[in-house]
Amino acid sequence: MDGILVLGIESSCDETAAAVVRDGREVLSNVINSQIAIHRQFGGVVPEVASRHHIENIDLVIDKALSDANVTFSDIDVIAVTYGPGLVGALLVGVSSAKALSYALKKPLVGVNHIKGHIAANFVAHKDLKPPFVCLVASGGHSHIVWVKDYNGLEVMGRTRDDAAGEAFDKVARVLGLGYPGGPLLDELSKGGNKETVKFPRVRMEDNSFDFSFSGVKTAVINHLHKLDQNNVSYNKADIAASFQDAVTDVLCDHTIEAARKKHSKIVTIAGGVASNSQLREKMTERAKMYGIDVLFPPPVLCTDNAAMIACAGYYEYINGKRSDLTLNAVPSLSV
């Protein structure tokens, strides 16, 4: 089969995923086994439970990815795997499987940074996209503004100093009794609410950096609800959800657009689970248009954790000369 075929493996949190991608852009298969139903009863991801289910599913998912792509292990040229950041036990399942395959098949192994994978999802979704551009990576565990200088050169312009945006969404959703995963449920609820009901804080760092802080707005929502409950004041959950979401998306959009203007970038991309948020997409597109900036984002299936993005990132690392050996290990706190 022509081109470089990369088998991508992703297991950093609660999705067991495998994909086959040709030349970094053409997705031949993208299989995701989600554990949402399993973790819903706990109200969030339980690391030990996630690890055990990764072990049960990893071989099945890889086999299906090969079958869906109509290829065999002998057709694969490179094996790419997420080795951080993420949950250490979950990461180890994917890394161990990738190393075993690399050794047995004598195929090159490339360890991929999960955040680089999220950025690469835009290369998969937008075939003509080329660096440089600014990317907002917003998920349950990460909130970064990244200057993508080239396919392998990244400059972090801003990051969260406490809670990630997705983490704040999930925690507020839990307080509102919406269930898990909270982000999509809160987004849906907010559509029926009035965002002007409560003016929750928008944090701007004193040094005018592009860093984020979402613990304050999360705490403000919790305190506001506690005060209403203590005084037996009724409230509309949709109004609270809309007001909170408006505050978070304001900050995400303002910082990202400012970063793009600083770099004179005419393209902004969004990646990560929060990239599926409807208000973030609308608001970012609207504000960017004021400055002649185009906004791109992946379809929802490429916003959540998936292996197609890992295969894409692995491809560009591979053609740039990166190789990982069998000492590759999980690095849960890996930075960009």
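The values are calculated or read from the model by the stated rules, or taken from the named source; none is laboratory data. Because the structure is a prediction, the values reported are computed rather than measured. Don't worry about glycine lacking a Cβ; one is built from the backbone with ideal geometry, like all the others, and counts go over all protein chains shown.
Brief remarks follow.
- Any hit, segment 78-95, residues being closer than 18 Å to residue 21 by Cβ, more than 19 Å from the chain's Cα centre (by Cα), at pLDDT 95 or above and outside any loop (DSSP other than H, G, I, E, B): yes
- For residue 62, the conditions (1) crowded, with 18+ Cβ neighbours inside 10 Å; (2) more than 24 Å from residue 2 (Cβ to Cβ) all hold with the exception of (2).
- Of all residues in segment 258-272, none are under 26 Å from residue 194 (Cβ atoms), over 19 Å from the mean Cα position of the chain (by Cα) and aliphatic (A, V, I, L, M).
- Exactly one residue out of 37, 98 is without any contact (Cβ under 8 Å) to a residue 60 or more places away in the chain and among the small types (Gly, Ala, Ser): that is 37.
- Qualifying residue in segment 222-231 (condition: surrounded by 14 or more Cβ atoms within 10 Å (Cβ to Cβ), under 20 Å from residue 275 (Cβ atoms) and in the same structural domain as residue 287 (by TED's automatic domain parsing)): no
- Unique match (being surrounded by 24 or more Cβ atoms within 10 Å (Cβ to Cβ) and in contact (Cβ under 8 Å) with a residue 40 or more places away in the chain) among 319, 240: 240
- For residue 269: the one exception among (1) part of a helix (DSSP H, G or I); (2) buried (at least 17 other Cβ atoms within 10 Å of the Cβ): (1)
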